[in-house]
Amino acid sequence: MLEELEKLQIKALAELDKITGSRELEQWRIRYLGKKSRLNQILHSLSILPLVERRSTGARANTIKKTLEATLKEKEEILGEALLLSSLEGRRLDVTLPGQPISSGRFHPITQTLEEICQVFQNMGFQVVEGPDVEWDYYNFEALNIPQDHPARDMFATLWIDSDRDKKSRLLRTHTSPMQIRVMEQRRPPIRVVVPGRCYRYEATDATHESMFYQVEGLAVDKNITLADLKGTLFDFCRCLFGEERKVRFRCDYFPFVEPGVEVAITCLTCNGAGCRLCGYSGWIEILGAGMVHPDVLKRVDIDPEIYSGFAFGLGVERIPMLRYGIDDIRLFYGNDLRFLRQF
Ligand code: PHE
């Protein structure tokens, strides 16, 4: 039996030496050190041997077991290291390679313009407030002196949400003016607010029309507010935005919620008033509708027109970057083409 043990050890160590993978190693462990291994059998059958032989065989079998275990452990360590090295080698990283450029986001040209407009008015003491895109007929029309069947409704091709057409129907606001009413319902004069926001109209789109666009509404209500205050405010605004040399023109216009109503134009940014394709050879570009808040509108929100007066204006936003950068199609703003948007 001693002889068998010696042979077993030689064979086991020789096999172990050749092993290169962890699965083979586990099979080897089962074969030579497992419960059903020959070595284990011998260790369990010692009791049937005569005493002298039992001692020598037992001692030898135990040392062989220890040797095999120790060699296995060594082999495991060597193999583990080799595996780690080879996997590291496979995933080698060249830290000197140039990195991938991270593209940074930027503000949409319309967002930039809105912020600039609001800043100019904030510097004059106006506060920025916002209102809902989905509006009641009441705020969008009725309270602004545009009752049912008023011809002025034709000025605004409306996208309706509810199918009926009364004060209680909902629509997508066609202008930011409904916020005049909402603000005056909630506050008492002195009021000075600007309202940036989206507006919607049921119109075919072309180079100068979108069904969704932005306006900035302005409203000032106080004692002794006159048309001169409106003129001064808008003159200043136009010069801040378009330059000191800009000329500003006020002409009569009609909106049911103001009296008098005006239309404001500035000298064309491209031709400086001489006349070109952009301004339709008139030299002027309209950017605003405005006027003195109609006494009936004030009465409706319980502000006494005998004591208070106010002015309001509504400014088209897309026009401004179009003029400044010579953009000839409004649809570019909402086409989500990054090649266009990245330029601003
Ligand atoms: N809401 C008007 C429009 O969209 C503009 C306007 C605002 C006119 C305020 C007068 C006063 O055309």
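The values are calculated or read from the model by the stated rules, or taken from the named source; none is laboratory data. Nothing here was measured: the structure is a model prediction, and the numbers come from that model. Every residue, glycine among them, receives a Cβ derived from its backbone with ideal geometry; neighbour counts consider all protein chains shown. Heads up: the accessible areas ignore ligands, DNA and RNA and are worked out on the full protein's heavy atoms, side chains in. Shrake-Rupley method; radii C 1.70, N 1.55, O 1.52, S 1.80 Å.
Points worth noting:
- Where trypsin sites (Lys or Arg not before Pro) fall in DSSP loop in the stretch 256-300, at most 13 other Cβ within 10 Å: Arg277
- Rounded to the nearest 10 square angstrom, Lys73 shows an accessible area of 130 square angstrom against a 1.4 Å probe.
- Helices in the chain that qualify as membrane-span-like (whole DSSP H runs, Cα extent of at least 20 Å along the helix axis, mean Kyte-Doolittle hydropathy of 0.0 or higher) are 227-242.
- Chain lengthening between Glu185 and Glu4 when straightened (0.36 nm per residue, less Cα-Cα): 54.6 nm
- Sites Asp329 and Leu97 - FRET efficiency at Förster radius 51 Å, r taken between beta-carbons, to 0.05: 0.75
- With both residues required to sit in the chain, DSSP beta bridges show an antiparallel share near 95%.
- For the options Gln127, Gln112, Gln41, a Gaussian network treatment of the chain with springs between C-alpha atoms closer than 10 Å singles out Gln41 as fluctuating the most.
- In the stretch 240-344, GluC sites (Glu not before Pro) in a DSSP loop with at most 11 other beta-carbon atoms within 10 Å: Glu244, Glu245, Glu306
- Cysteines without a disulfide-compatible neighbour (Cβ-Cβ under 4.7 Å), the chain: Cys118, Cys199, Cys238, Cys240, Cys252
- Candidates per chymotrypsin sites (Phe, Trp or Tyr not before Pro) in the stretch 101-137, loop by DSSP, up to 13 other Cβ within 10 Å: Phe107
- The stretch between Arg251 and Arg31, if pulled fully straight at 0.36 nm per residue, gains 68.9 nm over its current Cα-Cα span.
- Expected 222 nm ellipticity per residue - DSSP helices of 4 or more, -39500 (n - 2.57), all of the chain, to 500: -12500 deg cm²/dmol
- Summed over the residues of the stretch 82-213 and divided among them, the accessible surface reaches 60 Å² per residue at a probe radius of 1.4 Å.
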